[in-house]
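What follows draws every value from the coordinates through simple rules; no lab data is involved. Everything numeric in this text was worked out from a predicted model, so none of it was measured. For neighbour counting, all protein chains shown are included, and Cβ atoms are generated from backbone atoms with ideal geometry for every residue, glycine included.
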Amino acid sequence: MMRSLFSGVSGLKVHQTKMDVIGNNIANVNTVGFKSSSVNFSDVFYQTTQSASGPNSATGTTGRNAMQIGLGANVASITKKISATGASQRTDDPLDIMINGDQFFIVNSGGTNYFTKAGAFTVDSYGTLCTPSGAAVMGWKVDRNDPTTIIRDAVSPLTVMSPENLYSKPEATKAAYVSGNIDSLDTQLTSETGKIVNVSFYDKTGHSYTADLKIYQYQGDPADAEGEYRVEVTDVTDESGKSIFITKDKDGKYVPSGVTINFAGINYTVDVASINQEDGSFGFTGGAAKLKFDPASGDFVSVTGTEADPLPEDL
């Protein structure tokens, strides 16, 4: 009776091990690169209660098999499915990489290379591709002079954000677009300051500037002013917020810097007589671009001296 209990208990113990392994597999269902395990059982040993014998011609008896009683089960091994490919999952992270089959990522930690299936990578402060624990991802590099050629020598840390990858030659802004609706009830459009719209752009050296465009309703002859708005440049400032049109001479007085811009076919230059030496404010010589709308329908009709995008027929 006791022997049967011991055999049953051994079965419970090995199945407890299997349940532990299954539980661990379930717990790591969202672990990146996790490899599931499986349990293999084996019997333990047998107690022989009757030995086997062969046939006996003298006695006329046939042979008989041995009689053995099994004494339970044992865990033979717990194996991991190293090369098995799990289900792919979208993460929207460009540094999350999945690798299939017998391939592995090579990572280096403490000068030693390791293999891993976990492809959740990040970039450290040096621009090196690495694991969340800080191990550098290793690989072959490309020829600097020919990016299509891979240098297949010893693996080395992959630097994905080197200065060559992070920076490019600056280009000047070639076009800027301003779009939106003009609200005829907006009181700023009839005020002295008008409605200010900011447009940012860059020069060929990569420096940024901000152009202030003033939009206002034309206040001339009522017969001509109906449905007409105008746009003009009031200033262009650099990254520090200073106007690019004026500067100070050796005596500390504000003078024109010599910068001229063309907007809507109009050349804007500083009106020397308008310069205020106290605060550096000034005015321009030039004019304003005209925007014409149909007073009845509100549809855009025409623009003077510049381009309209979208075109009137698309509005």
Going by amide H atoms built from the backbone, whose H comes under 5 Å of the H on residue 119, apart from near neighbours? 33, 97
If you take the charge dipole of the chain about its Cα centre, with +1 on Lys and Arg Cβ and -1 on Asp and Glu Cβ, which of 201, 72, 272 is farthest toward its positive end? 72
Whole angstrom only: what separates the Cα centroid of region 118-188 from the Cα centroid of region 1-56? 53
Hey, quick one: spin label on residue 51, modelled 7 Å out along Cα-Cβ, who in region 58-76 has an amide N within reach, i.e. under 19 Å? 58-69
GNM, the chain, Cα, under 10 Å: largest mean-square fluctuation among 35, 253, 117? 253
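How much length, in nm to one decimal, is gained on full extension between residue 204 and residue 15, taken as 0.36 nm per residue of separation minus their Cα-Cα distance?
60.8 nm
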Value of relative contact order over the chain, rounded to a whole percent, pairs C-alpha under 8 Å and six or more apart: 8
Remind me, relative contact order of region 100-149 in percent, using alpha carbon pairs under 8 angstrom and six or more residues apart? 30
Whole-Hz ³J(HN,Hα) from phi, Karplus 6.51 cos²θ - 1.76 cosθ + 1.60, for region 247-259, glycine and proline x: 8, 10, 7, 5, 8, x, 9, 6, 9, x, 7, x, 6
With Cα coordinates, the longest principal axis of the chain makes an angle with the long axis of helix 2-27, in degrees rounded to 10, of 10
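Would you kindly state how much longer the chain becomes between residue 64 and residue 38 on full extension, computed as 0.36 nm times their sequence separation minus their alpha carbon distance, in nm to one decimal?
In short, 5.5 nm is gained.
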Hits among lysines - C-alpha to C-alpha of residue 290 under 16 Å, sequence gap 8 or more where chains match: 195, 214
Given springs between every Cα pair under 10 Å in a Gaussian network model of the chain, which of 58, 288, 135 has the largest fluctuation? 58
Would you be so kind as to identify which of 261, 40, 293 lies farthest towards the positive end of the dipole of the chain, taking Lys and Arg as +1 and Asp and Glu as -1 on Cβ and the Cα centre as origin? 40
Kindly write out, for region 49-57 in residue order, the coupling ³J(HN,Hα) from the Karplus curve 6.51 cos²θ - 1.76 cosθ + 1.60 (θ = phi - 60°), rounded to whole Hz, with x marking Gly and Pro. 9, 8, 6, 7, 9, x, x, 10, 6
Rounded to whole Hz, the Karplus (6.51, -1.76, 1.60) HN-Hα couplings of region 151-156, x for glycine and proline: 8, 8, 10, 4, 6, 8
